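**Student:** Take this structure first; my questions come after.
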Amino acid sequence: MALKRTPDPQEARAVVQGWRAQGLSVGFAPTMGALHEGHLSLVRASAEECDRTAVSIYVNPTQFAPNEDLQSYPRQLEADCRLAERAGADLVFHPSDELMYPEGFSTYVIQEGLTQTLEGASRPTHFRGVLTIVCKLLHCVPADRAYFGHKDFQQSVIVRRMARDLNMPIEIRVLPTVREKDGLAMSSRNKYLSPEERRQALCLYEALRKADSLYRGGQTDAETLRRAMAAALGAAPLAEPDYVEIVDKETLAPVQVVSARAVAVLAVRFGETRLIDNYPFSEAAERRHPPSSAPRASGPVG
Ligand code: AMP
């Protein structure tokens, strides 16, 4: 099927409704573009699990604070459409700011309780913007399933909660983090890093690997793991940690004892660039083999 492209919310909705009226299942991967293998893993999963796949490409201004990188965020619509099509997309929805936030726009989605910690502590209006645009996009692209990355762990928890709380008729699928060969989590923002920052950015992965290996060695004291992660970040002189925590995978509350319900989360600044990464300890239980030094597709040790 040839790729259909549209900036028009009504047209996107008509295309998706048409598919569903034919009995076809529809998957949807919302993105801000500058597509990399992390995004494309969502598109491929959707293409495998659903009859039709939609991708949105929209750099959403309401999730950026005034001092953040909205203006410089990479934009490459033509290349993104080619990448999305090759990964199995049938529809790319790429609205403009005027269409998404017309004059007089004043309605937002606010989640209480999960949005003030971690990312929300540093970026107080971020999740209001994220939930508002995800809610809007799901109305424009009324799919059966929406695909998100575990890379943005807190976002995935909050989006799931919104879907549940607001009875949204959609299944939320969250897929593992895709990493560069050396272990750095793929991110559109990695492009901002200088070569030296890029080298040192590996400390995020090293910190998560450290937590994983201590946990698999039997250490379940969260503070011990947290200190070990902070020490790993401390080995990179250019890294300025924002937070290093181990939290419950649903409540996001810090835990004292690490279990398969826990997720190690961190945010680190390198100059102007802010990187996040995380490790769900459930992955340690899923792996039967000891960690290999060769990085693979998802968690800190593969
Ligand atoms: P973004 O374009 O950054 O808003 O991301 C769009 C979607 O892709 C979100 O659900 C992200 O969690 C997901 N994503 C971003 N990076 C990765 C990655 N490295 N691995 C898997 N999913 C990712």
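The values are calculated or read from the model by the stated rules, or taken from the named source; none is laboratory data. Predicted model only: the values in this text are computed from it and were never measured. Cβ: placed from backbone, ideal geometry, glycine included. Neighbour counts: every protein chain shown.
**Student:** Going by what's in this entry, would SER156 be described as among the hydroxyl-bearing types (Ser, Thr, Tyr), within 16 Å of the ligand (Cβ to nearest atom) and either assigned to a helix (DSSP H, G or I) or under 25 Å from ALA121 (Cβ atoms) (or both)?
**Tutor:** For SER156, the condition - among the hydroxyl-bearing types (Ser, Thr, Tyr), within 16 Å of the ligand (Cβ to nearest atom) and either assigned to a helix (DSSP H, G or I) or under 25 Å from ALA121 (Cβ atoms) (or both) - is met.
**Student:** Between residues in the stretch 257-283 that are surrounded by fewer than 22 Cβ atoms within 10 Å (Cβ to Cβ) and residues that are basic (Lys, Arg) and at pLDDT below 95, which pairs lie under 7 Å by C-beta distance while being six or more apart or on different chains?
**Tutor:** THR273/ARG189
**Student:** Next up: From the residues in the stretch 110-142 that are under 22 Å from ASN167 (Cα atoms) and small (Gly, Ala, Ser), which one is farthest from the ligand (Cβ to nearest atom)?
**Tutor:** That would be GLY113.
**Student:** Can you tell me how many residues in the stretch 237-283 are part of a strand (DSSP E or B), among the aliphatic types (A, V, I, L, M) and out of contact with any Ser or Thr (no Cβ under 6 Å at 6 or more places or on another chain)?
**Tutor:** 12
**Student:** Is it the case, given these coordinates, that MET186 is within 12 Å of the ligand (Cβ to nearest atom), within 30 Å of ILE110 (Cα to Cα), in contact (Cβ under 8 Å) with a residue 12 or more places away in the chain and not assigned by TED's automatic domain parsing to the domain that holds PRO254?
**Tutor:** Yes.
**Student:** Looking at the stretch 190-199, can you tell me whether even one residue there is within 16 Å of the ligand (Cβ to nearest atom), touching a residue at least 60 places away in the same chain (Cβ under 8 Å) and surrounded by fewer than 19 Cβ atoms within 10 Å (Cβ to Cβ)?
**Tutor:** Within the stretch 190-199, one or more residues are within 16 Å of the ligand (Cβ to nearest atom), touching a residue at least 60 places away in the same chain (Cβ under 8 Å) and surrounded by fewer than 19 Cβ atoms within 10 Å (Cβ to Cβ).
**Student:** Does the stretch 11-47 hold any residues that are within 16 Å of the ligand (Cβ to nearest atom) and β-branched (Val, Ile, Thr), and which are they?
**Tutor:** Correct list: THR31, VAL43.
**Student:** Additional query: Of the residues that make up the stretch 72-93, is at least one in contact with a Cys (Cβ under 6 Å, 6 or more places away or on another chain) and farther than 18 Å from ILE170 by Cα?
**Tutor:** Yes - at least one qualifying residue is present in the stretch 72-93.
**Student:** I've got another one for you. How many residues are part of a helix (DSSP H, G or I) and over 19 Å from ASP152 (Cα atoms) when one looks only at the stretch 183-210?
**Tutor:** Result for the stretch 183-210: 7.
**Student:** Output the qualifying pairs, or none if there are none: Cβ atoms under 6 angstrom, residues six or more apart or on different chains, first residue in the stretch 97-109 and within 25 Å of ARG160 (Cβ to Cβ), second residue of a type outside the set (Lys, Arg) and not in a loop (DSSP other than H, G, I, E, B).
**Tutor:** TYR108/THR132; VAL109/LEU131; VAL109/THR132; VAL109/CYS135
**Student:** Could you please find all residues in the stretch 62-84 being within 21 Å of ALA146 (Cα to Cα) and touching a helix residue (DSSP H, G or I) at 6+ places or on another chain (Cβ under 9 Å)?
**Tutor:** Once the filter is applied, which keeps residues that are within 21 Å of ALA146 (Cα to Cα) and touching a helix residue (DSSP H, G or I) at 6+ places or on another chain (Cβ under 9 Å), the stretch 62-84 yields THR62, GLN63, ASP80, LEU83, ALA84.
**Student:** Looking at ARG227, ARG145, ARG216, ARG209, which is the one that is within 16 Å of the ligand (Cβ to nearest atom) and of a type outside the set (A, V, I, L, M)?
**Tutor:** After ruling out the rest, the residue left standing is ARG145.
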